[in-house]
Amino acid sequence: MTSDASSTDARPLDELGFYGLAGAPRSPRDLIQECVDGEALGLGTVFLSERFNIKEIATISGVAGAVTERMRIATGVTNHNTRHPVVTASYATTMHRLTGGRFVLGLGRGMDRMFDAFGLPRITTAQLEDVAGIMRRLWRGEVVVGHDGPAGRWPVLTLDPDFREDIPLLLSAFGPQSLQLAGRAFDEVLLHTFFTDETLQRCVRTVKTSAEQAGRDPADVTVWSCFAVVGDWLPADVRLKKTVGRLATYLQAYGDLMVRTNGWDPEVLVRFRADPFVAGFRGALDGKATTAELEHVATLIPDEWLAPAATGSPEQCAAAVRRQIELGADAVILHGAAPTELAPVVQAYRALVA
């Protein structure tokens, strides 16, 4: 397997990551070359989000682990309510040993409406904290007897009494309760895309303060900024999909939370939802809408809502990525693009931090 991505420096960029199979890939096989390219660029972590289509997490993370030697593989994210906890813990341990300790188990809330439709229980903060404790106990080789907690009731949970696995846990966090949980009980935190500078700083403070209050070293909890990188070297229709289309899809799914978190004007969201095209559209706008349709959607979203992203030349994008770390993030996911599309900004970033 060869890589089309190139680097001017072999130094790994552990503070940078990317998403494998970003958007709506035609085939999960694309991940193989993406991982090879990402590792060649020196990116530190590939994040894999689970979708109930062709992105089943155990399969694609195994592929990522098999075709890489240095890069970490993180689920970004999966949900605990779709598998028995012993299955999830066993999957994580398998990945941990398969990759020589390069695996991160990332958990998140998911979407309530989807869980309601599928007959799955909605995920709560208390459940996530309970699950984190169960995972750590199982990885320490404990036998969990008679567990009765927010995540569920089980007579016996056990993997192997000889296990002494140190597997990082990541939480995708949005609201203050999740951020506080991440600080006290998780090792890494995944923030959301299109967070304003003020929102990013507030989230970092919440996580680090919670870690300190729990008697942990705040520096031991890594906060990842998930930062859209949409450079001007990409075609205009692709840039439109990765900016307007992506944010519009978030507004479709959980617009109230996005607006409340960023302190945006809620009346803009009301007008967005009331637009006849948006109201009648079926499916995700970034996956199904045409370029002409997205051009219309662009008239409904203020420029300031799209501003929290890296745009422009490779040098401008690199500076914007570096700015995320200056604002307090420990690391940055270059979101929404494959490694070959990210190569120009990664090379500019290397020159910036050299």
Item to check | For Ala310, residues with placed amide H under 5 Å, excluding near neighbours | outcome: Ala228, Val229, Val230
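Restricting to lysines 8 or more places apart or on different chains, can you count the pairs in the chain with Cα atoms under 29 Å from each other?
Close lysine pairs found across the chain: 5.
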Item to check | Gain upon complete extension [Thr209, Ala354; 0.36 nm per residue less C-alpha separation] | outcome: 49.1 nm
Checklist entry - With axes computed from alpha carbons, what is the tilt in degrees of helix 30-41 against the longest principal axis of the chain, rounded to the nearest 10 within 0 to 90? => result 90
Checklist entry - How far apart, in nm, are the 7 Å Cα→Cβ label points at Glu315 and Thr124? => result 5.4
Checklist outcome for this item: With Cα coordinates, the longest principal axis of the chain makes an angle with the long axis of helix 197-213, in degrees rounded to 10, of 10
Checklist entry - Taking the chain as a Gaussian network, where each spring joins two C-alpha atoms under 10 Å apart, which residue of Ala289, Ala40, Ala182 fluctuates the most? => result Ala289
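Loop-only chymotrypsin sites (Phe, Trp or Tyr not before Pro) in region 14-112, please: DSSP not H, G, I, E or B, and at most 16 other Cβ atoms within 10 Å. Kindly include the intermediate steps, with their values, before the conclusion.
Details: sites: Phe18, Tyr19, Phe47, Phe52, Tyr91, Phe103; in loops: Phe52.
Here the chymotrypsin sites (Phe, Trp or Tyr not before Pro) that fit, given the DSSP loop and packing criteria, are Phe52.
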Item to check | Alpha-carbon centroids, region 211-248 and region 104-140: separation in whole Å | outcome: 22
Next on the checklist: What is the sum of charges, Lys and Arg at +1 and Asp and Glu at -1, for the other residues whose Cβ falls under 15 Å from the Cβ of Gly110?
Outcome noted: +2
Checklist outcome for this item: Expected vector for region 336-346, Karplus 3J(HN,Hα) from phi with 6.51, -1.76, 1.60 and θ = phi - 60°, integer Hz, x for Gly and Pro, equals x, 8, 7, x, 5, 6, 8, 3, x, 6, 5
Checklist entry - If you put +1 on each Lys and Arg Cβ and -1 on each Asp and Glu Cβ, how big is the dipole of region 233-308 around its Cα centre, in Debye rounded to 20? => result 300
Checklist entry - Gap in Å between the Cα centre of region 321-354 and the Cα centre of region 155-192? => result 26
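Taking K and R as +1 and D and E as -1, what net charge do the other residues with C-beta under 10 Å from the C-beta of Ala289 add up to?
Values: positive: Lys241, Lys288; negative: Asp286, Glu293, Glu295.
Taking every other residue near Ala289 into account, the sum is -1.
All of the numbers you see were taken from the coordinates with simple rules; none came from a lab. A quick note: this is a predicted structure, and the numbers were derived from the prediction, not measured. Counting neighbours? That spans all protein chains shown, and the Cβs are built from the backbone with ideal geometry, glycine included.
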